[in-house]
Amino acid sequence: NAGVTQTPKFQVLKTGQSMTLQCAQDMNHEYMSWYRQDPGMGLRLIHYSVGAGITDQGEVPNGYNVSRSTTEDFPLRLLSAAPSQTSVYFCASSSTRTGLDEQYFGPGTRLTVT
Amino acid sequence: AQSVTQPDIHITVSEGASLELRCNYSYGATPYLFWYVQSPGQGLQLLLKYFSGDTLVQGIKGFEAEFKRSQSSFNLRKPSVHWSDAAEYFCAVGSNTNAGKSTFGDGTTLTVKP
């Protein structure tokens with residue numbers, strides 16, 4: 001199993017540009033989440049999904065869109081990048097089939113918006 | 001709403017010394033508690049988790065944590081720290097009704113002195 005994969009690893013955007021961060025998992029997990037990590041602020045939940053076709057907002061959803069057309073993929077779209085979105089983004093997946101399983105994290109995408 | 005507090009932003013210990021990282025949580029029902037470790041430039045890796053049963057849980061790399069319901073705490077311990085333990089540590093709380101929506105503390109950075 002590859003686990004959770006994220007692409008790209010690094011990205012530099014100009015203000016106003018749009019882009020999609022990719023996330024995929026091969027563990028057949030029903031839950032997937034996107035977090036952003038900023039210094040001194042831990043991980044903050046952006047959006048999450050409890051299954052294909054179902055998404056919901058987390059703590060800091062503004063400026064981001066998600067969709068989940070398949071169990072495996074959960075892309076995060078930045079509609080119009082702003083410097084405040086400079087951060088490290090982590091995708092995670094989990095399952096409750098055997099109780100609440102821990103989240104499995106991807107390696108992260110480091111995004112800089114200039 | 002669930003929340004997690006890690007009171008110590010930064011801790012420095014000498015190699016071979018014991019370690020305790022503090023975590024306090026707020027949650028209305030029985031919490032699912034996790035400790036994750038993040039090495040520089042990496043994603044998060046699970047150290048250990050608590051759902052129910054024995055309140056002292058063992059994890060990987062020689063770590064353990066004790067759940068104390070009366071104190072709403074889930075402190076992480078290690079009897080003898082190794083230089084390779086230098087990393088950032090995150091406590092998280094979740095529930096089986098909110099899977100995929102774990103709430104993370106702000107993290108504690110551990111420095112190990114030779």
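Read-outs throughout are calculated quantities, based only on the coordinates presented, and are distinct from any laboratory measurement. Everything quoted here is computed from the prediction, not taken from an experiment. Here the Cβ is made from the backbone with ideal geometry for all residues, glycine too, and neighbour counts use every protein chain on show.
Across the residues of B:35-47, average count of Cβ atoms on other protein chains within 10 Å?
Mean number of neighbouring Cβ atoms from other chains: 4.
For A:Ala81, list long-range residues whose amide hydrogen, built 1.01 Å from N in the peptide plane, is under 5 Å from its own amide hydrogen.
A:Gly16, A:Gln17, A:Ser18
With a Cα-only, solvent-free Debye model of region B:1-113, what are the log10 I(q)/I(0) values at q = 0.10, 0.11, 0.13 Å⁻¹?
Once normalised to I(0) and log-transformed, intensities are -0.26, -0.32, -0.44.
DSSP loop chymotrypsin sites (Phe, Trp or Tyr not before Pro) in region A:50-114 with at most 12 other Cβ atoms within 10 Å of their Cβ, which ones?
Listed in order of number, the matching sites amount to none.
Show me the trypsin sites (Lys or Arg not before Pro) within region A:1-66 that DSSP assigns to loop and that have at most 12 other Cβ atoms within 10 Å of their Cβ.
Sparse-neighbourhood loop trypsin sites (Lys or Arg not before Pro): A:Lys9, A:Lys14.
Expressed as a rounded percentage, what relative contact order does region B:1-86 have, with Cα pairs under 8 Å and six or more residues apart?
33
Once you have the Kirkwood Rh of the protein assembly as shown from its Cα pairs, apply Stokes-Einstein at 10 °C and 1.306 mPa s and quote D in µm²/s.
Using the Kirkwood radius from Cα pairs, D works out to 88 µm²/s.
Could I have the simple spin-label model distance between A:Thr112 and B:Leu56, label points 7 Å from Cα toward Cβ, reported in nm to one decimal?
The two pseudo-label positions are separated by 4.8 nm.
Taking only C-alpha pairs under 8 Å that are 6+ residues apart, what is the relative contact order of chain A in percent?
35
Hey, which of these cross-link pairs are over 26 Å Cα-Cα: A:Lys9/B:Lys78; B:Lys68/B:Lys113; A:Lys9/B:Lys49; B:Lys49/B:Lys113; A:Lys9/B:Lys101?
A:Lys9/B:Lys78; B:Lys68/B:Lys113; A:Lys9/B:Lys49; B:Lys49/B:Lys113
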